[in-house]
1. Could you check the simple spin-label distance between GLN278 and MET72, using points 7 Å along Cα→Cβ, in nm with one decimal?
2. Note down the magnitude of the dipole of segment 196-290 about its Cα centre, charges +1 on Lys and Arg C-beta and -1 on Asp and Glu C-beta and zero elsewhere, to the nearest 20 debye.
3. By the scheme Lys and Arg +1, Asp and Glu -1, what is the net charge of all other residues having a beta-carbon under 12 Å from that of LYS281?
4. For every other residue with a beta carbon closer than 14 angstrom to the beta carbon of ARG137, add +1 if it is Lys or Arg and -1 if Asp or Glu, then tell me the sum.
5. For the residue pair GLU270 and LYS256, what label-to-label distance in nm results when each label sits 7 Å from Cα along the Cα-to-beta-carbon direction?
6. Simple spin-label model, 7 Å along Cα-to-Cβ: ALA179 to GLU349 in nm?
7. What dipole magnitude, in Debye to the nearest 20, does segment 285-381 give about its Cα centre under +1 on Lys/Arg Cβ and -1 on Asp/Glu Cβ?
8. Below 8 Å between Cα atoms, with a sequence gap of 6+, how large is the relative contact order for segment 148-255 in percent?
Amino acid sequence: VPKQMLEQVLRQLQPLCTTEQQFLEEFFQLSHNTAGLPGLEVSARSVLSSLLSQSSLQPEEFTTQLLSEIFMCLEPELRGFLDICNKVHPFGCLQVLATLSDSVFGMWGSSSAPSSSFLNTVLGNVLLLAKSSFNKRVGTLCQEIEETKMPSRMKGGILPSVNRFEEFVGFSEEIFRTARRRRELDRAQLRLAISVFSSINSLSSANLKVNTDMVMMENFHHIHCFLCQKNIQCLEDKKREAKQRYSEHMEKYVIKYLGQPLEKLNHFFEGVKARLAQGVKEEEVSFQLAFSKQELRKVMEKYPGKEVKRALETLYRKIHKHLSPEENLLPVVWLSMEREFIRQYQEFEDLIQRCYAGSGIAMDFSMEDLLSYFSSITLSN
């Protein structure tokens, strides 16, 4: 509504100020392009000469002074309108900024119709005020986003700072939908994106009841999807960064929880890899007391196929409980889990063949069994 009101006011002001300025220039013969009004040449010149002799003003400045006195309430009223817009909506100044930008730069760039230099100056002053007001509001919002404290009982989902960022972007894009200039808006959106990324990065596991990587994964995924929908040019780099961060935190989340189904086996082979990295020969690893064939058999006995499947089912339920349904990331995360689990399985088999060759030691479940476990869990949920 403020935008429509201001547009209507400007449509009425432009011809009014232009006509008044043209009249003054013709009446006082202040313009080189006017011949003056018939019958008034002598009196106009005498009045002009008298007025100009009392001041050091140039004819153009004299016209501006006359218009300033005629329209002395114009700029204060426009400033008051801006103040009211700011009180009605936290970013009411954005509507004024969008409207004035189009109007001012439209008049400057138009050669088809005459415009009032006085009105250009007044609107330019109010435009600068609207820019200043907008930048202050954006700065305040950035600070609030960065300083937002997470709710103590928050279990995950989309963070308040992300919601505020989306609300601003949605509101501002609607305001600037038909705008011809959006430089100030682009800067503001980029500032806010940097702040919301900083807010997510500052998450601490001490403040959350769930895995931090999971929360960061969901929020960066949410931002990436949102920016894909909006397709905002100035935020393309942030969209790519959000996708990268989402992938990174999903990988960390997957690796953290994948160690649980085969935790002791994973720990055993991590030790084997550490010995190999220290220079122990593959055929000598089994002679290390902690990594002997007997110790490996003891560990592997703890993971029969049925137990592995049961552990995977428990893992699936835990992930399902953690992830928020709105983001629909469960299928993606579970598929990533499956790929990582298969990679681990293949790595374990490779280490057994290299370091325990001819021992007859093998895991209780095959690759086919493992694939069937994941397939069964996926289909039953």
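1. A separation of 9.2 nm, rounded to one decimal place.
2. Here the size comes out at about 320 debye.
3. Spelling it out: positives minus negatives among the neighbours equals -1.
4. Counting the neighbours of ARG137, the net charge comes to +2.
5. 1.4 nm
6. If labels sit at ALA179 and GLU349, their model points lie 5.9 nm apart.
7. Around 320 debye, computed over segment 285-381.
8. For segment 148-255, the relative contact order is 33 percent.
No lab work stands behind these numbers, since they all come straight from the coordinates. Model, not experiment: these values are computed from the prediction. When we count neighbours, we look across all protein chains shown, and the Cβ atoms used for this are built from the backbone with ideal geometry, even at glycine.
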